[in-house]
Structure formats: C-alpha cells, structure tokens
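One structure is given here, and the rest of the page talks about it.
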Amino acid sequence: MNKKLFTLVAIIFGIALFRVLPHPPNVSPVAAMALFGGAYFADKRMAFILPFVALIISDLIIGFHDTMFFVYAGFALTVGIGIWMQKKITVNRVATSAVGATLLFFIITNFGAWMMSAAAYPMTSAGLMQAYVAGIPFLQNSLLGNLAFTAVMFGGFALLQRQFFSEEHA
C-alpha cells in the first residue's frame, strides 16, 4: 500500500474512533468521513467501502437502531457529494458540501424517524413536521460536528499532502 493510500485509510479509521468515544449527541465524524472518502479516493468503490466499513465497525460497538437504513442512505449520498468534489477541492466547496450534507442527512434521517416511529409521530404531514422540529437540536449539533471534523480531516490532509506528498518528495 502506498503512503498516500495508507494515510487516507488511517485518517478515516482514526476519525471513526471519535464516534465511539463519549461526545455530545450528533457531534460525530460520520459526514466528514463520507465527504473525505468521496473526495479523495479515486476508486469510487473505495470511496464507499472504506467509510462504510468504519461506520459499520463503530455501529457494532455503539449499537444499531430501527432507522439505520435512513442513516446509511444519508451517508451514501454524502459520499456522492464528496465524489462530486473530487474535480476541485476548495475551502468553499468543502464548507458548502459539509453544510449541504448536514441538511440532507437531517432531512433523510428525520423522515426515517417519522416513518419508523408511528407511536411517536402520527403518519400525517403534521407528524412529519413534528419529527423535523424534534430533530432541530440534533441538527445544530450535527452542523457543528460536521464542520469541525470536516475542517480537521480536509485541512489535516492538505497539510500532510503539502509536507509529504508534494512533487519534491516523490
């Protein structure tokens, strides 16, 4: 395995460890891992496989729940956003993608909470709105976590690239 690939894999699995450590609700590296994997793995299969493996391993530790399908769907779409970024990774695109991925994940997972929690939310448009309103505090935490972990992953890798993977060091 070359140094750059090893570094990408190490970053994803290293950041995944933060998911199993105590943290505020929804302040986790999930979206950042998905964006990062999508943006930096040239092989699109690897862009999905490595972050998903890290997610599944951490889910084995913290537990599964009835909305996992929606969580994984949101995660897959976030990898897709990262793949879109491959052509041109800039600070603005990374920040915009982190915010967009957060909102997309919020929409998908709260829809899933509404679908899977008939006892908590009526199966009406009002019930769906209740699910979204109930998720707002988690949205704030998700946005904070996604922006922070995205900055760490993309910024840290940019520094590593400049230091170790530049043309002069090849």
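Under DSSP H, which helices of the chain have Cα atoms covering 30 Å or more of the helix axis and a Kyte-Doolittle average no less than 0.0?
Numbers: long enough: 91-116 (37 Å, 1.25); 125-164 (54 Å, 0.89).
Length and hydropathy pass: 91-116, 125-164.
Given R₀ = 25 Å, FRET efficiency for Met115-Gln86 by Cβ-Cβ distance, to 0.05? Present the calculation step by step, with values, prior to reporting the outcome.
Details: r = 32 Å, r/R0 = 1.29.
The calculated FRET efficiency here is 0.20.
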(message) Taking the Cα centroid of segment 2-47 and of segment 79-106, what is the distance between the two, rounded to the nearest whole Å?
(response) 14
(message) Quick check for you: with a 1.4 Å probe and neighbouring chains kept, what is the accessible area per residue of segment 71-110, in Å²?
(response) 46
(message) Assuming 0.36 nm per residue, please report the length gained on full extension of the stretch Ala151 to Arg45 beyond their Cα-Cα distance.
(response) 35.8 nm
(request) Return P(r) of segment 5-97 (all Cα-Cα pairs; 10 Å bins starting at 0; whole %; ordered from short to long distances). (result) 17, 51, 29, 4
(request) Would you mind telling me the share, in percent, of accessible area of the chain contributed by carbon and sulfur at probe 1.4 angstrom? (result) 72
(message) Need one number for segment 114-167: average projected area of the convex hull over its C-alpha atoms, nm².
(response) 5.4
(message) Give me the one-decimal nm value for the distance between modelled label points at Ala134 and Leu5, 7 Å along each residue's Cα-to-Cβ direction.
(response) 4.5
(request) State log₁₀ I(q)/I(0) for the chain at q = 0.21 Å⁻¹ as given by the Debye formula over alpha-carbon point scatterers of equal weight, solvent excluded. (result) -1.44
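The values are calculated or read from the model by the stated rules, or taken from the named source; none is laboratory data. Keep in mind it's a predicted model, so treat the numbers as computed, not measured. Reconstructed Cβ throughout: ideal geometry from the backbone, glycine too, with neighbour counts over all protein chains shown. Calculation scope for accessible area: heavy atoms of the full protein, side chains included, ligands and nucleic acids excluded. Shrake-Rupley method; radii C 1.70, N 1.55, O 1.52, S 1.80 Å.
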